[in-house]
Amino acid sequence: MISLTTILSTVTASFLASLVEVVEAFTIVLAVGLTQSWRPAFIGTGAALVVLAVLVLIFGPLLTLVPIEVLQFVVGVLLILFGMRWLRKAILRSVGVIALHDEAKAFAKETEALTRRANETRADWMAGIAAFKAVLLEGAEVVFIVIAVGATRGLTLYAGLGALAAFLLVMIVGLVVHRPLAKVPENTLKFVVGLMLTSFGIFWTGEGIGADWPGADLSLIGIFVIVTATAWVLTQRYAATPATQEGTAK
Amino acid sequence: MKLIGAIIEEIWGMFVDDGSLAVLSLLLIAIVTAAVKLLAFPAQWGGAALGVGCLMILAYSVHKAVQRD
């Protein structure tokens, strides 16, 4: 029996992580659409979505052949690597060691690159490739997240719905505002997702080596609280150091 | 070819940003797994060691990045 905690945490993690990725892909597709034309933007996006769907159809069924302990262990290890990477980056961004990701800046950079090539004979092709690449690369991360948070408990459908909700939300808001979604609190999202994925990673790697966590799935909440507390302490500790103050002032 | 290279780089980048964070995490997982599977270390304690170890590695990696800045 899968608990509500597991389902909710799976959907939330998938939704928030996908939101970050979809916003990044949307910025590039929007730049292509507004600078070049919408035709290459839609063709590039569509082609990337087809490639992603084929990858899911090929690799999805293969996962059912992997013994659950092995799957938990492998997914857990990948989630530890992926989650800790996001968490580290979010902490370093929040204390000012590395710059925050700026969608408006990313949009301006892509627009400038596309404008420079606008008069070339293959400009439409290049613009389509830019959209294709952005959607494929960010989409590959979404596919990994959906499989990673969903597969070990047979919750891929719920994780997929979380990702789909993020996709629809970005598309609807993006169509309404018609500009890069620079106001999305990217680092806060990355921070929360980093906390969740690291917690999932520790939990599943533990299960993969045979640990029966006290309280079963409920211990995920305990692990999440401990990881959050540690990240908070690190943020507080380094927010006030001279090195980060200099870094912020730069 | 450039596109394939970018895809491989992106997939690698999904898991490895700061090299030492990834290496230390994998080392920790390997040690804990070996202790549980080969030395009969209680799996419960293995899970706890994994959690504590991951957080220590994270703290070390953040500390190192702040010092480097």
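Quick note: the coordinates plus some simple rules give every number you see, no bench work behind them. On a predicted model such as this, the values are computed, not experimentally measured, just so you know. Cβ placement follows ideal geometry from the backbone for every residue including glycine, while neighbour counts extend to all protein chains displayed.
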Single residue of A:G160, A:G201 found to be away from every other protein chain (no Cβ under 13 Å), in contact (Cβ under 8 Å) with a residue 40 or more places away in the chain, assigned to a helix (DSSP H, G or I) and over 24 Å from A:E103 (Cβ atoms): A:G160
Scan region B:46-66 and give yes if some residue there is within 16 Å of the chain's Cα centre (by Cα), hydroxyl-bearing (S, T, Y), within 9 Å of another protein chain (Cβ to nearest Cβ) and assigned to a helix (DSSP H, G or I), otherwise no. yes
If you go through region A:51-104 one residue at a time, how many are closer than 27 Å to A:R179 by Cβ and among the β-branched types (V, I, T)? 1
Quick check on region B:27-45: of everything there that is under 10 Å from the mean Cα position of the chain (by Cα) and surrounded by 15 or more Cβ atoms within 10 Å (Cβ to Cβ), which residue is farthest from the other protein chains (Cβ to nearest Cβ)? B:L28
Scope region A:86-100; condition buried (at least 24 other Cβ atoms within 10 Å of the Cβ) and free of Cβ contacts under 8 Å to residues at least 24 places away in the same chain; matching residues: A:L92
Check on A:I147, β-branched (V, I, T), part of a helix (DSSP H, G or I), within 20 Å of the chain's Cα centre (by Cα) and within 11 Å of another protein chain (Cβ to nearest Cβ): no
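Rundown of residues vs (1) under 22 Å from B:G13 (Cβ atoms); (2) touching a residue at least 60 places away in the same chain (Cβ under 8 Å); (3) within 14 Å of another protein chain (Cβ to nearest Cβ), yes/no style:
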site	(1), (2), (3)
A:A31	yes, yes, no
A:G44	yes, yes, yes
A:L55	yes, yes, yes
A:L65	no, no, no
A:V74	yes, yes, yes
A:M84	yes, yes, yes
